[in-house]
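Okay, so here's the structure we're looking at.
The values are calculated or read from the model by the stated rules, or taken from the named source; none is laboratory data. Predicted model, so just to flag it, every value in this text is computed and none were measured. Cβ coordinates were reconstructed from backbone atoms using ideal geometry, including for glycine residues, and neighbour counts include every protein chain displayed. To get the accessible areas, we keep the full protein, side chains included, count just its heavy atoms, and leave off ligands, DNA and RNA. Shrake-Rupley method; radii C 1.70, N 1.55, O 1.52, S 1.80 Å.
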Amino acid sequence: MNSNVENLPPQVLRLVYKEVTALAADPPEGIKIYPSEEDITELHTAIEGPEGTPFAGGIFRMRLVLGKDFPAAPPKGYFLTKIFHPNVGHKGEICVNVLKRDWRAELGLRHVLLTIKCLLIHPNPESALNEEAGRLLLEDYAEYASRARLLTEIHAMGGPGGPSGGLQEPGEGPQPKKHAGDPNKRAAVTTASSGANGNGANSGSGSGSSIGISGNVNSNVVVKKKTDKKRALRRL
């Protein structure tokens, strides 16, 4: 999804930056915030699965996207971690009233994050995006919980494709290579590497020369000893 930084007025961007900074410094319990310095209109977060639910023990990655009409229009929420939940579509889209008809500009992003976390505790089958999950929630909770737990273990815990351990701090996890696209930086690194290799080669050559000289000296000493021994024998 494209960035909306250029589409939002400067005063809105300042307010968003201020709120995101405050959230990162003091996030809601069980939620981590991963601000992007490049695109303030897309907020990545990680939510701990609440205890007493099929999602307990899991870490669920999510993002909020602020559109060009924000804050008049609500942000859009997406789970990046696969989850079996009535109010989460197959592409991760989240259906909750605060992101629709109940949205008000004064609510803020903190309220949105807390509401989405509460959705993991109290799903709403009446506005289901995942119809199968909604049906099971109403008709066979044990089967619903079993399916939700299985996907949590596969995708939101320590298995393949899922995070391991607890929530990472914002500075942890994969980080972009800051100079990966800068040709000048690449050239500097290449030059430094070549210089290091050259010095290594010269050093190796010097070592080889030293070994050769040492070998010649040792040979001369042996020859001299043999000559002196022959002279001593002749005297006898």
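The figures follow:
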{"item": "Flag if LEU80 is modelled with pLDDT of 95 or more, open to solvent by less than 10 Å² (accessible area, probe 1.4 Å) and closer than 16 Å to ASP39 by Cβ", "result": "no"}
{"item": "Candidates PHE55, PHE60 - the one that is crowded, with 22+ Cβ neighbours inside 10 Å, in contact with a helix residue (DSSP H, G or I) (Cβ under 6 Å, 6 or more places away or on another chain) and assigned to a strand (DSSP E or B)", "result": "PHE60"}
{"item": "Matching entry among GLU48, GLU37 (being modelled with pLDDT of 95 or more and over 13 Å from the mean Cα position of the chain (by Cα))", "result": "GLU48"}
{"item": "Enumeration of residues in the stretch 28-55 that are without any contact (Cβ under 8 Å) to a residue 60 or more places away in the chain and over 19 Å from VAL5 (Cβ atoms)", "result": "GLU29, GLU51"}
{"item": "Index of the failed condition, LEU66 passing every other in (1) open to solvent by 50 Å² or more (accessible area, probe 1.4 Å); (2) within 16 Å of GLY77 (Cα to Cα)", "result": "(1)"}
